[in-house]
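Undergrad: One structure follows; several queries about it will come next.
The values are calculated or read from the model by the stated rules, or taken from the named source; none is laboratory data. Please read these numbers as outputs of a predicted model, since none were measured by experiment. Please note: Cβ atoms are built from the backbone with ideal geometry, for glycine as well, and neighbour counts cover all protein chains shown.
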Amino acid sequence: MLSSVYFSIAACFICIMLFVALIIRKLNQGRSNKYLLVLICIVFLSAIFDLLSSSFGTLWDTSKYNVPMQMILNVTFLFIHNFIIPLYFIYVASVLGFWYSFKEDIRRAYLIFLPYGLIIIALIVNFFVPIVFTFDDKGVYHRCVGLYCFYGIALFYFIHIFVAIIRYRKAAAPEKVLVLALALPITAVAEIIQAITYEIRLETIFLAFALILIAIIVHKPEENLDNIANCQSRNAFERDINTAFIARRPFGMIMLEIINTEYIQNNHGTEKQLILMRILSDKIARITKVMNLVPDIYYLGRGRMAIICDRYKKDLFIDAGRVIASYLDEPLRLQELEVKADAKLVYVDVPSDIANKHDLLNFVWNMKDIMPESNRLMMLKDYNTSYEFQIKANMATIIARAIVEENFEMYYQPIYSIKDEKFVSAEALIRLKDRSVGFVSPAYFIPVAERSGAIHEIGNFVIESVFEFISEGEIEKYGVDYIELNLSVAQCIEPNLVEKFNKYLNEYNISPSKVNIEITETAVDYDPKVTSMNIVNLRKAGFSLSLDDYGTGFSNIMRVTRLPIDIVKIDKSLVDAIDNPNMRIMVENTIQMFKKINKKILVEGVEDQRHVEIFKEFGCDYIQGYYYSRPLDKERYLEFIREANGECL
C-alpha cells in the first residue's frame, strides 16, 4: 500500500507543476483552457483523497475514529474521482466544439450526467447500506458489488467519448485528436489494474501522465495566445471558427475594428498602438465578466478583435457590445496621452446572419470596407440583405469569377481639347458586369483587388485591351491622338513595369505616343523611390504621363515639379467647389502656376456649360466629364467620336 502512496504523491506534484506551468504560459483564457485547469484541479483532489483514504487506516488503525474517517475519505475520493470522466467528456466537447449541444438539448445533458448521478446516489446510500464498499471489525476495506458497477459506468463514458472523438475528429488537428483519444486507453489500463487488485492504485498517476500529454500537444501557447493584447490569437480564432462550423455550433460574435489604428501607430508610435489593444482587451474582459458572460476574446491584428459567446446568451451579449461601444466613444488614456479610437462594432449571429466559414472570414477581414461608419453597435441582420452589402461582402468571389469568366470590359470617356475644338483623347476605364449582381463599381472592386493581389491580373487585362484597341487604327482615323490608361498603386511599384509595357508595344506594333499613363499621388506616396524610377523610365520609353486626381488629400507641389509629368488632372472635388470665391482664386492660381512650368491642364468631372466656360477662361487645355459624355463601351465610343469629330484621315 505504501508504494501506492508514492504514486498519489507523484500525481499531486505533477498536477501542481502542470497548473503553475499553464498559468505562467497564460493558458487560462478560453473555455477549453479553463476546463483543462479544472480537470487538473479535480485530478489533484482525487490524488489527495486517494492518498488520505489509503493511508489513514494504516497510520491511525487504533483510533476509534478510524472506520468513520475511512468511510468519509473513501466516499469523498470516489465522489471526486468518478467526476473526472464526465468532466473529461465536457473538456473533449469543448476542444472539438460540440459542447453547445448540451445547452441546446437539455435532455442530452441529463442523459450524459445521469450515470454520474447514480454514482452520487450509491455513495450516499453506502453510508446506510454497504453497496459500494464496507469495513470489517478490524477496519479492513472490502469492495461490494456496487463498486464494480462504477467501472461499468466508466465504460459507458469511455464509449461515448470515443464515439464523439471519431465523429468530430475533423474539428481539430490530427495530433490533438490522437492525444484526446490516447487518454482513454491510458486511463482504462489503470482502471483495469485497480479493478483486479485494490492494493495497486495507479489511476491518479496515469491520469496525471495523460494530462501532461494533453497540456503539451493540445494546448500550445504559440497557437493560442497573443502577447500583444493579452488574449487569444488569430490562429486560435481561425481554429475555433473551423471547429465551430464542423461541429455546427451556433454562436454570437461581436467583430470590433479600430479603423484609425494606422493613424495612431504613425502619430503616437507602435508601442502606444499595442498598449491600446491590451487596454481594450482587458476592458472587454472586465465588462463581460461583470455581465456574467464567459466569452472567447481574440486579437486578430491590425486593430481587429473578435468576441465570441454562446448564442443562448444573445441578449446579454448584445448589451455588453453596447457598453463596449459606449466605452470606445470616449478618448482612451494611454499613459500620458489621450487617444480617440474610432471603431466599428458589429454583432453577427451564426448561422442566421452568415451560414458558412468562408463568408464569415471574408466579412471579418473586410468589415472595415463592408460596414458603414457608426459609433454604435451595428446588427449585421440590418445590413446583410442590401444590394450594396451583397456586393461588398462577396467582392473577392466576384473578382475571381470575373477573371475566370472574362466579365471585365473597357469603357472610354471622351476628352475634349479646347484648343483643337474636338475630342483628341479618351480615358480608359474598366467595368465589371457580374452575372449575379450586375454592374459593380470600380470603387468597390479596385481596393479589394489591390489587397488580394488580383489587381496585377486585372491591370494586365487593361493594358492589353487598350493596346489592342489602339492597334486597330479606328481612333486615329477619327482624330484621337492617344488613350489615357490608369495605373493602380500596386502596378506602380511592379519591378518589371516598363518591360511589360514594352512587351505589349512590340506585340501590338503601336507607338508609345499613343498611350498616356495616369498615376496618382497616392502611388508616389506608397513607395516614392520605386514609383519615381518607373515614372522616369516610362517617360524615357516615349510614353506621356498624367498626374490624376490633383487636389485630393495633401497635394505636393514639389513632387509635381520634379516628376516628368505632362498633364495635371484637376479633380472633380475642386470643380464642385469652384463657386466658393476663395476656392475659385486658389484653383485659378494653381492652374496658372502649372501653365507657367509648361504643364497641360485637364479638368475632370465637368457637368455643365457654366463650368466649361469658367475653365476655358482659366486657360485649361482639356475638359472631361458628363457635360460631353459619360464613359462608353468600345462600339458606342467609336460611334460618338465619328459623329463628333468626323473622319480626319
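Undergrad: Checking LEU51 against (1) closer than 30 Å to GLN232 by Cα; (2) at pLDDT 80 or above; (3) in contact with a Cys (Cβ under 8 Å, 6 or more places away or on another chain), only one condition comes out false. Which one?
TA: Looking at each condition in turn, LEU51 falls short on (1).
Undergrad: What's the number of the condition LYS176 fails, among (1) outside any helix (DSSP H, G or I); (2) farther than 23 Å from ILE80 by Cα?
TA: Unmet for LYS176, out of (1) outside any helix (DSSP H, G or I); (2) farther than 23 Å from ILE80 by Cα: (1).
Undergrad: Kindly establish whether ILE415 is crowded, with 22+ Cβ neighbours inside 10 Å, among the hydrophobic types (A, V, I, L, M, F, W, C) and closer than 30 Å to TYR628 by Cβ.
TA: When the stated conditions are applied, ILE415 passes them.
Undergrad: Sticking with this structure for a sec: Quick check: anything in the stretch 131-145 in a helix (DSSP H, G or I) and either at pLDDT 90 or above or in contact with a helix residue (DSSP H, G or I) (Cβ under 6 Å, 6 or more places away or on another chain) (or both)?
TA: no
Undergrad: Residue by residue through the stretch 379-397, note down the ones that are modelled with pLDDT of 90 or more and surrounded by 20 or more Cβ atoms within 10 Å (Cβ to Cβ).
TA: LEU380 - this is the single residue of the stretch 379-397 that is modelled with pLDDT of 90 or more and surrounded by 20 or more Cβ atoms within 10 Å (Cβ to Cβ).
Undergrad: Ok, one more. Tell me, please, whether a residue that is in the same structural domain as TYR100 (by TED's automatic domain parsing), in contact with a helix residue (DSSP H, G or I) (Cβ under 9 Å, 6 or more places away or on another chain), assigned to a helix (DSSP H, G or I) and not acidic (Asp, Glu) can be found in the stretch 196-205.
TA: yes
Undergrad: Please determine, by comparing only the residues of the stretch 336-358 that are in a strand (DSSP E or B) and within 19 Å of the chain's Cα centre (by Cα), which one is nearest to HIS268 (Cα to Cα).
TA: Filtering the stretch 336-358 for residues that are in a strand (DSSP E or B) and within 19 Å of the chain's Cα centre (by Cα), the one nearest to HIS268 (Cα to Cα) comes out as ALA343.
Undergrad: Looking at PHE467, PHE461, PHE445, PHE439, which is the one that is within 26 Å of the chain's Cα centre (by Cα) and aromatic (Phe, Trp, Tyr)?
TA: Unique residue meeting the criteria: PHE445.
Undergrad: Check LEU202, LEU207, LEU180 and return the single one that is in contact (Cβ under 8 Å) with a residue 60 or more places away in the chain, hydrophobic (A, V, I, L, M, F, W, C) and under 27 Å from ALA244 (Cβ atoms).
TA: Criteria check complete, one pass: LEU180.
Undergrad: What about LEU361, is it in a strand (DSSP E or B), under 20 Å from TYR299 (Cβ atoms) and not β-branched (Val, Ile, Thr)?
TA: So LEU361 fails the test.
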